[in-house]
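The values are calculated or read from the model by the stated rules, or taken from the named source; none is laboratory data. Predicted model only: the values in this text are computed from it and were never measured. Ideal geometry is used to build each Cβ from the backbone, glycine not excepted, and the neighbour counts take in all protein chains shown.
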Amino acid sequence: MRALILTLPLLVATLPAGDDAAPITAATLESHARFLASDEMRGRDTGSKEAMRAARYIAETLDDAGLKGAGDHGSYLQAVPLFELVANGTPYIDTQPRGGEGLDLFAHGEHFSIYRNPASKAKALSIVRVPAGGPLPSPDAAIALDFEGSRREAKQLLEAAGIEDGAGYGLIVLRGSSSDGKPRSSVRTGRLSRGFAESNTAPAWIVARGELKKSLESGRLTSISFDGACELAPVEAANVVARIPGVGTPERPELAQEVVVISAHYDHIGVVPDDRKAPLGADGEPDRIFNGADDDASGVACVLEVARVLAAGTPQAREVVILLATGEEKGLLGTEHYLDFPAAPLERTIANLNVEMIGRADAQIGGAGQVWFTGPDETNLIAAFNAAGVSVSRDPYPDQNYYKRSDNYAFVKRGVIGQTFSTYDGHGDYHQVTDEPDTLDYDHMAGATQITLDAIRLVTSGAITPQWAPDQGPPEPR
């Protein structure tokens, strides 16, 4: 499905853009979006060479705009250590029966499935049964915990003991169905994980079923060995991070120490795998590339223009960090890494203002050039924007829970206010090969980017201070 392309006059900034900043134009936004969402970028899948090419393009654009690198060693790139799950055989479990000779072998899929950390291996672990209410034995890499209770109860016992992901034990065994399943040759590959956590510090979690479950329940097994027959192979991935120093105001010089993170994610979901039939594109021909024009090349283009104008214009009172993150589509991987290694301490970060999918006008909020804002009741921001004369609409789709579905929510979970500007209207090209650059309304994007800039400048200038609304706030710390 193509979006309705409105033939409006070219929209430019309607408010002063800053001392020396050229106005925002549809043409500039289109140039950024068409590059990032071109077929040559092959969907910007996290960990791909095309994603790194996109990162370098973004870095060069920020450099041209005069921002300072805030990534590794003062560069614009912040390496995100990611690892891809690669299979090298068929997972298996073997066990030592009590009082018996030889080993009982159990098959992947038929007798067990792997719930977590498949790259882990374990040899001849003693099996320790854990009742539903506990207690847990002390962590020991030579034992396998066999939980009688549910998966939830097992997690609660480990969390109550302060043991993250079962670290310190050799294997976590959960109980599943009493019937055998279907054999599987290998684990599902291609999944990405951060760092070495899965292979070095956390054991595999398996779900026993059929004959393996019965053998565990009978108590006839004394030891168990596990091999997921896979490994974690490093892949190259990076966030792009830049900064604009704050200068404070004569009345409030301390504002220079406060930080506003402006973000969007530049990754998308890549290409249709070779073993799957390619869906039809907008032209009716097979198309293998998920271009991700609206999701989220449009948001990146907006942030690049906001960054350019802020850097060229009147110095901002608060420090600005620009974060173009990778791995959003894989579970906010890039933003989570940034939050672990931020360009400025999180205790100085007062807000994350994120941009996600502004490429098409949303009739629900008045159409072309208008913007809506997630989590409107969580903070004072939307009311403050509108009171200052910057028209920002409430999220018209609260039932879709968009507030918790983008990078902003990673900040919220760390105690930092985080909200997203968007104009996504639920169009049918979301995560489809039909999300192409030709479907975007670049005149609309110019107006939406201007409103986003005007709202952001109210925060970075010190005119508005983000605050949680009464009785609102972040979830409990992780």
Within the range 165-184, the residues that are of a type in the set (D, E, K, R) and either more than 28 Å from the chain's Cα centre (by Cα) or more than 15 Å from Ala122 (Cβ to Cβ) (or both) are Arg175, Asp180, Lys182, Arg184
Contact list, first residue from the range 360-383 and touching a residue at least 12 places away in the same chain (Cβ under 8 Å) and surrounded by 24 or more Cβ atoms within 10 Å (Cβ to Cβ), second anywhere and aromatic (Phe, Trp, Tyr) and in a helix (DSSP H, G or I), beta-carbon distance below 6 Å, six or more apart or interchain, is Thr374/Tyr402; Thr374/Tyr403; Gly375/Tyr403
* Asked: Can Ile358 be described as more than 16 Å from Asp296 (Cβ to Cβ), at pLDDT 95 or above and touching a strand residue (DSSP E or B) at 6+ places or on another chain (Cβ under 9 Å)?
  -> no
| Filter result for Ala264 (in a strand (DSSP E or B), among the small types (Gly, Ala, Ser) and at negative phi) | yes
When every residue in the range 351-366 that is under 20 Å from the mean Cα position of the chain (by Cα) and assigned to a strand (DSSP E or B) is compared, the one farthest from Val416 (Cα to Cα) is Val355
Note on the range 114-145: residues closer than 12 Å to Gly166 by Cα, assigned to a strand (DSSP E or B) and in contact (Cβ under 8 Å) with a residue 40 or more places away in the chain are Arg116, Ala144
Counted residues in the range 450-472 being among the aliphatic types (A, V, I, L, M) and within 23 Å of Pro250 (Cβ to Cβ) come to 5
Residues of the range 398-414 being small (Gly, Ala, Ser) and either without any contact (Cβ under 8 Å) to a residue 12 or more places away in the chain or outside any helix (DSSP H, G or I) (or both), in sequence order, are Ser406
The residue from Ala448, Ala463, Ala455 that alone is assigned to a loop (DSSP other than H, G, I, E, B) and of a type in the set (A, V, I, L, M, F, W, C) is Ala463
Being surrounded by 14 or more Cβ atoms within 10 Å (Cβ to Cβ), at pLDDT 90 or above and of a type in the set (D, E, K, R) narrows Lys155, Lys123 down to just Lys155
So, first residue modelled with pLDDT of 95 or more in the range 49-78, second residue in a helix (DSSP H, G or I) and acidic (Asp, Glu), Cβ within less than 6 Å, six or more apart or across chains; the pairs are Gln78/Asp72
Glu110 outside any strand (DSSP E or B) and under 18 Å from Glu211 (Cα atoms): yes
